1. Restricted to the range 77-96, and to residues that are assigned to a loop (DSSP other than H, G, I, E, B) and within 11 Å of the chain's Cα centre (by Cα), which residue is surrounded by the fewest Cβ atoms within 10 Å (Cβ to Cβ)?
2. Within the range 131-145, is even one residue in contact with a Leu (Cβ under 6 Å, 6 or more places away or on another chain), surrounded by 14 or more Cβ atoms within 10 Å (Cβ to Cβ) and either on the phi > 0 side of the Ramachandran plot or of a type in the set (S, T, N, Q) (or both)?
3. Give the residue that is nearest to SER74 (Cα to Cα), with candidates limited to residues of the range 146-167 that are surrounded by fewer than 18 Cβ atoms within 10 Å (Cβ to Cβ) and of a type in the set (Ser, Thr, Tyr).
4. Tally time: how many residues in the range 137-151 are in contact with a Ser or Thr (Cβ under 6 Å, 6 or more places away or on another chain) and within 17 Å of THR165 (Cα to Cα)?
5. Name the single residue that is modelled with the lowest pLDDT among those in the range 146-167 being more than 20 Å from PHE91 (Cα to Cα) and part of a strand (DSSP E or B).
6. Starting from residues that are loosely packed, with under 15 Cβ neighbours inside 10 Å and assigned to a loop (DSSP other than H, G, I, E, B), keep the ones in the range 26-35 and report whichever is modelled with the highest pLDDT.
7. Report, by residue number, each residue of the range 97-129 that is in contact (Cβ under 8 Å) with a residue 40 or more places away in the chain, assigned to a strand (DSSP E or B) and surrounded by 19 or more Cβ atoms within 10 Å (Cβ to Cβ).
8. State all residues of the range 42-60 that are at pLDDT 95 or above and among the polar types (S, T, N, Q); if no residue qualifies, say none.
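The values are calculated or read from the model by the stated rules, or taken from the named source; none is laboratory data. As the structure is a prediction and not an experimental result, all values here were calculated from the model. Cβ coordinates were reconstructed from backbone atoms using ideal geometry, including for glycine residues, and neighbour counts include every protein chain displayed.
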Amino acid sequence: MVKGGIMKKLLLIGLCAIGVVNAQEPEQAEQQSPQLESLTLSEVDNQSAGDFKIYQVGESMQPTILKNSKLETSIELGLRKVNVYPISGSFQSIFVERGYQASGNCQKNSGPYLISFWYGYPTQSADNRIFENFCMVKNEKAKIGLRIYPDGSAALYAIAGLKPTQS
């Protein structure tokens, strides 16, 4: 009987402690940025002499970006990274991945968020990635573009719904 009474008291103390912790969660949630609803890779501007294809796991369509051309796309950057890989020329694959919360200053409830891209292989450490931080523009769908330069290097740019973080 004594053991049962002690167990009930410990259980009651544990539940009270959980209640105190949960009671503090709404205050913390107000300080967090809202989730980024969607982010779309809307165009690829290929300024190189190589041709590329766009691949995303689970997608059957693989659009081709011809040399020195711009391709409009509508690829949702969600949980799966995008691979822009060369099919001609001596270039490396470019991987683009959506991140979530990041560092930087934005207006209240507009971020900051990040996007990363890198070259070579699907898995790279943070040291080998290039990170772009941005703020959301309220009531606009977030769209980015990927520019491939003549030497095969790349850059991301905002098309709509995004702006750089404030310094």
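1. LEU79
2. yes
3. TYR157
4. Looking only at that region, the number is 1.
5. GLN166
6. Once the filter is applied, the top-ranked residue is GLN35.
7. Scanning the range 97-129 gives ARG98, TYR113, ILE115.
8. Of everything in the range 42-60, those that are at pLDDT 95 or above and among the polar types (S, T, N, Q) turn out to be ASN46, GLN47, SER48.
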